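The values are calculated or read from the model by the stated rules, or taken from the named source; none is laboratory data. All of these numbers come straight from a predicted model, not from anything done at the bench. Heads up, the Cβs are rebuilt from the backbone with ideal geometry, glycines too, and the neighbour counts pull from every protein chain shown. When the accessible area is computed, the model is the full protein with side chains, heavy atoms only, and any ligands, DNA or RNA have been set aside. Shrake-Rupley method; radii C 1.70, N 1.55, O 1.52, S 1.80 Å.
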Amino acid sequence: MQANLTPILTPILTTQRLLLRQVKTGDSTAFLNIFADKDVMHYGDGIKDLAWVEDWIQYMQQHYHQFGYGKWAVIQQGDAALLGYCGLEYASDVCGQPEVALGYRLARAYWGQGYASEAVTATLNYGFNVLGLQRIVATIDPGNVASVRVAQKAGMVYEQDVMYEGYTHPDHVYVLETLT
């Protein structure tokens, strides 16, 4: 019997300007506009097509079911525009150990307006205060100055470099831990 992977469309998180909810199949076109933008994907692993986006949405829905969290659609309150994603993902190997990794990506039209910082802060608070996590990491290309700034503004600090298979240079690992 297959598990019910129907997305929860009520917000997981609400901020002053944003709603974060599970991704759904109907988000494919909006996410394709993000993942197919060469500027948005400059620090990613290249532009993606619709089939990849649909697989990613299905993977996220399975991730929600398996772990209770994932990368969420970032929705602008008011006009309900899908701005991008922000959330947490289980990563089996970051520098030789399993971690919960923060990830975020917004459509170019929403850069420089504080949306990423707002979504990241809410996501980190959720990870620590609702999920009870002790540590959250983010792996960021050191050339992606805007993304580094978002992580640092949220309190994350550089810990070490990580070299992933197929990469030509290491990413930086940023970390935020709870005070115990």
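At-a-glance table
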| quantity | calculated |
| --- | --- |
| Estimated inter-spin distance, Arg135 and His42, nm [label 7 Å along Cα→Cβ] | 3.2 |
| When the range 26-81 is reduced to its Cα atoms, the Kirkwood hydrodynamic radius in Å | 12.3 |
| Inter-label distance for Phe67 and Asp49, nm, one decimal - labels placed 7 Å from Cα along Cα-to-Cβ | 2.8 |
| Extreme residue, positive dipole direction of the chain, given options Gln97, Gly166, Val148 (C-beta unit charges) | Val148 |
| Probe 1.4 Å - accessible area at Ile47, Å² to nearest ten | 110 |
| Distance in nm between pseudo-label sites at Asp93 and Thr121 (7 Å out along the Cβ direction from Cα) | 3.7 |
| Cubic angstrom per residue, convex hull over Cα atoms of the chain | 134 |
| Per-residue ³J(HN,Hα) for the range 122-130, Karplus 6.51 cos²θ - 1.76 cosθ + 1.60, θ = phi - 60°, Hz, x for Gly and Pro | 5, 5, 5, 4, 4, x, 7, 8, 9 |
| Among Thr29, Thr139, Thr168: highest mean-square fluctuation, GNM of the chain, C-alpha pairs under 10 Å | Thr168 |
| Aspartates and glutamates whose Cα lies under 13 Å from that of Lys38, excluding same-chain neighbours fewer than 8 positions away | Asp49 |
| Exposed-site-free run, longest, the chain (rule: chymotrypsin sites (Phe, Trp or Tyr not before Pro); DSSP loop; at most 16 other C-beta within 10 Å) | 44-110 |
